[in-house]
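Okay, so here's the structure we're looking at.
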Amino acid sequence: MSEQDTTHFGYQQVPKGEKAERVADVFHSVAAKYDLMNDLMSVGVHRLWKRYTIEMSGVRHGQRVLDLAGGTGDLAGKFSELVGPEGEVVLADINASMLEVGRQRLVDRGLVGNIEFAQVNAEELPFPDNHFDCITIAFGLRNVTDKDKALASMLRVLKPGGRLLVLEFSKPRAPGLGPIYDAYSFSVLPRLGAMITGDRESYRYLAESIRMHPDQESLKAMMEAVGFERVDYYNLTGGIVALHRGFKF
């Protein structure tokens, strides 16, 4: 099998057609305790990363927002409040288990009426051209098999003047942070996953998938290559996470 027919799943090379199913198995396994693990893994800092994303989105009353790989609805819930009853938020995820957890959380919070739910593949978004004012994808792009195709699909469904925000693990830039982060990722995270979810391997995949994801400049170049303009990025927590933003004109 040639390299063109395979892609990475963590550090493994697998047939391209298998990656989505393998990623789905990971998130089916961890969905029920996804939020708890996020809090433990990041010591709660993931909430600050997401808050910054919302602030940088510029979402306003009456707008239409797509939250891709929306998981348990952290971003979608806040966007629902920002766009108000005249606006619309679509919480989308490829994984049915994650989508259901998100749906239940938002319903329990009384956030209904302006939120829709859609099980979609980011590479082939089933929405009209020029439809959304803003798209966010938080900690999801690294799991996509064909990132270029997904970015192009996002560009297509954005309105002119719309913007994409990609919040994702990236490459540490603070001096001395890399070795500490590696030790934490490959020693602590799998053990924590085993203790909390009974699933060590899913969290080893998490650590490996982060290392295989494009670095800050590479992802910026990928966004520009499919047609996004004024692309910039902001390193958070020393570059462990980066927020990329690009516009459609």
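Each value in this text was obtained by applying a stated rule to the coordinates, not by laboratory testing. What you are looking at is a predicted structure, and each value in this text was computed from that prediction instead of being measured. Heads up, the Cβs are rebuilt from the backbone with ideal geometry, glycines too, and the neighbour counts pull from every protein chain shown.
Residue-wise test of (1) under 22 Å from PRO175 (Cα atoms); (2) in contact with a Gly (Cβ under 9 Å, 6 or more places away or on another chain); (3) among the hydrophobic types (A, V, I, L, M, F, W, C).
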{"site": "LEU206", "(1), (2), (3)": "no, yes, yes"}
{"site": "SER209", "(1), (2), (3)": "no, yes, no"}
{"site": "PRO214", "(1), (2), (3)": "yes, no, no"}
{"site": "GLU224", "(1), (2), (3)": "no, yes, no"}
{"site": "ARG230", "(1), (2), (3)": "no, yes, no"}
{"site": "LEU243", "(1), (2), (3)": "yes, no, yes"}
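Given the options LYS248, LYS147, LYS159, name the one that is closer than 24 Å to ILE94 by Cβ, within 15 Å of the chain's Cα centre (by Cα) and among the basic types (Lys, Arg).
Step by step, each of LYS248, LYS147, LYS159 is checked, and only LYS147 is closer than 24 Å to ILE94 by Cβ, within 15 Å of the chain's Cα centre (by Cα) and among the basic types (Lys, Arg).
Are any residues in the range 86-131 in contact with an Asp or Glu (Cβ under 7 Å, 6 or more places away or on another chain) and either over 12 Å from ALA76 (Cα atoms) or hydrophobic (A, V, I, L, M, F, W, C) (or both), and if so, which ones?
VAL89, VAL90, LEU91, ALA92, LEU99, GLN119, GLU123
Checking the structure you have, find out if any residue of the range 174-187 is under 30 Å from GLU224 (Cβ atoms) and touching a Leu at 6+ places or on another chain (Cβ under 9 Å).
Yes, because at least one residue in the range 174-187 is under 30 Å from GLU224 (Cβ atoms) and touching a Leu at 6+ places or on another chain (Cβ under 9 Å).
Could you identify the single residue in ALA138, ALA152, ALA174 that is in contact with a Gly (Cβ under 9 Å, 6 or more places away or on another chain), of a type in the set (Gly, Ala, Ser) and farther than 23 Å from LYS16 by Cα?
Just a single option satisfies the conditions, and that option is ALA174.
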